[in-house]
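Undergrad: For reference, the structure I am asking about is given below.
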Amino acid sequence: MEDSEVNVKWRFTGFYGTPYTQDREESWATLKNLYHANDIPWIVAGDFNKIMYGFEKNGGLPRDENRMEAFRKALEDCQLYDMGFSKRWFTWERGNLLETNIQERLDRGVANTTWIHKKEAERRKENCFKFEAWSILEDSFEDEVKRLWDMIEGDFLQKMDLLRKGLQKWARQLLKNRKWRKKDLIERLSVLTEAERDDSNLAKLIDTKIQLNFEIEKEEYFWEQRACLNWLKLGDRNTRQRHNRIEKLQNENGGEAEDLVGLEGIAWTYFQNLFTAGVLTNMEYLLSEINRCISEEDNRMLIASYTGEEIREALFQMGSTKAPGEDSFPALFYQRCWPIVGKEVVDFCLHLLNGDMEVCPINLTRIVLILKVTNPTNMTHF
């Protein structure tokens, strides 16, 4: 295929692996025949009918390690690497009862390094936006947010994404002018300080000092936010030494993974199992011996639907620049722009919290693993 807009050629291969074990080697041979040793971006996607690691299966008998190794070796020979996943981890499921249910990740997308680097560069370019705390001090900030918000159509998440892109362009233009403006104010202040004092001179002197203080305050916001981000990104020197890196992880079946996709899969499976309720038996005989301590009034309050005021109260109790979400907007943005975006924020949250909406579109988070030991090899080592 050829992308005429950027004049780039790339390959796409749709792949279906045989479901029959005796013919599996033929499938891998076909894939190898499609491999070309060149730098053209190449992506292969489809139903491979095989898992790469044991943790990609839940329920049923474990897969044969040698056959999984043959699949991994075929991808390695073709210089193809798993591209990860979003939303559902398992792509195939069978069995309606808990004891007979089997889930597997049989469908996937793999690509060569040229494709991965190309997409990673595009992703970094698209997601380079980080909300800058100093921007709220700009006189035009709220007007620009309102202009963009009223102009954009779509659901809440679509509007937030387009608002992010609009503010990115606006902030980029402001940054171009900021250094020049501060330098101009300092020069103007120097001239006014040397001049003889009169009413006009004093008024201009005070006004220039106020404007310069505003610029300095914006700069302080800028570096305060950067200091926090750099600490999170770099940590202290000890966290950057090699012995604190995750070189490999062991899954619950004893198998090991060293590549990024394998490490991600083991971590994903660990947390999924950690937060999944086990099989519940009849607990009535235990609960019957526990004295009731919640009144009817308290219970009505606990099971009541969430309200808009609770959403607002929770938001305004958050630290203004603490823990921005995946959209890079910290609580500060919503607090400052509440009169503009508040109604739609509340509507979105209420639909979600009261069970009227699928949680997948926003069910994203970042988890920081804190080491218990050096050279960790198991998720229990964090």
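Undergrad: Between L137 and K204, take the C-beta separation as r, use R0 = 30 Å, and let me know the FRET efficiency to the nearest 0.05.
TA: It comes out at approximately 0.90.
Undergrad: Of E296, E215, which has the most accessible area with a 1.4 Å probe, and how do the rest follow in descending order?
TA: E296, E215
Undergrad: If you don't mind, another one. So if each residue of separation counts as 0.36 nm, and I subtract the Cα-Cα distance between R72 and D23, what length gain in nm does that give?
TA: 16.0 nm
Undergrad: Within the stretch 1-120, what percent of beta bridges assigned by DSSP are antiparallel, to the nearest 5?
TA: 70 percent
Undergrad: Oh, and also: Find, among the trypsin sites (Lys or Arg not before Pro) in the stretch 1-109, those assigned to loop by DSSP (not H, G, I, E, B) with at most 15 other beta-carbon atoms within 10 angstrom.
TA: Those that pass, being in a loop and sparsely packed, are K87, R88.
Undergrad: Which of the trypsin sites (Lys or Arg not before Pro) found in the stretch 304-353 are in a DSSP loop and have at most 11 neighbouring Cβ atoms, other than their own, within 10 Å?
TA: K322
Undergrad: Rounded to the nearest 10 Å², what accessible area does L31 show when all protein chains are kept and the probe is 1.4 Å?
TA: L31 has an accessible surface of roughly 0 Å² with all protein chains in place.
Undergrad: Can you tell me the relative contact order of the stretch 1-85? Whole percent, Cα pairs under 8 Å, sequence separation 6 or more.
TA: It rounds to 30 percent for the stretch 1-85.
Undergrad: Which order do you get for V8, V110 if you rank them by accessible area with a 1.4 Å probe, largest at the top?
TA: Ranked list, largest accessible area first: V8, V110.
Undergrad: Follow-up. May I ask for the distance between the Cα centers of the stretch 26-78 and the stretch 129-183, given as a whole number of Å?
TA: Centre-to-centre distance over Cα atoms comes out at 45 Å.
Undergrad: In what sequence, largest accessible area first, do W115, W92 appear using a 1.4 Å probe?
TA: Reading off the accessible areas and sorting them downward yields W92, W115.
Undergrad: Out of residues 5 or more away from W92 or on other chains, whose amide H comes under 5 Å of its own, with H placed 1.01 Å from N in the peptide plane?
TA: Residues meeting the amide H criterion: E104, L106.
Undergrad: Counting only heavy atoms of protein chains, what accessible area per residue, in Å², does the stretch 48-105 have with a probe of 1.4 Å?
TA: Result: 59 Å² per residue.
Undergrad: Moving on to the next point. Per-residue accessible area for I294 at 1.4 Å probe radius, Å² rounded to 10?
TA: About 80 Å², rounded to the nearest 10.
Undergrad: Take D347, project a point 7 Å from its Cα along the Cβ direction, then tell me which residues of the stretch 150-191 have their backbone nitrogen under 19 Å from it.
TA: Output list for this probe position: 150-164.
Undergrad: Here is a further query. With every protein chain left in place, what is the accessible area of T377 in Å² (1.4 Å probe, nearest 10)?
TA: Approximately 50 Å² for this residue.
Undergrad: Hey, got a sec? Which GluC sites (Glu not before Pro) in the stretch 13-99 land in a DSSP loop and have at most 11 other Cβ atoms within 10 Å?
TA: Qualifying residues, ordered by number: E99.
Undergrad: Taking a spot 7 Å from the Cα of Q211 along the direction of its beta carbon, which residues of the stretch 172-192 have an amide N less than 15 Å from it?
TA: So the set is 177-192.
Undergrad: May I pose another question? Please tell me which of these pairs span more than 26 angstrom C-alpha to C-alpha: K9/K248; K165/K322; K119/K322; K165/K209; K119/K176; K50/K248?
TA: K9/K248; K119/K322; K165/K209; K119/K176
The values are calculated or read from the model by the stated rules, or taken from the named source; none is laboratory data. Small disclaimer: the values here were computed from a predicted structure and weren't measured. When we count neighbours, we look across all protein chains shown, and the Cβ atoms used for this are built from the backbone with ideal geometry, even at glycine. Surface accessibility is based on the protein's heavy atoms, side chains included, excluding ligands, DNA and RNA. Shrake-Rupley method; radii C 1.70, N 1.55, O 1.52, S 1.80 Å.
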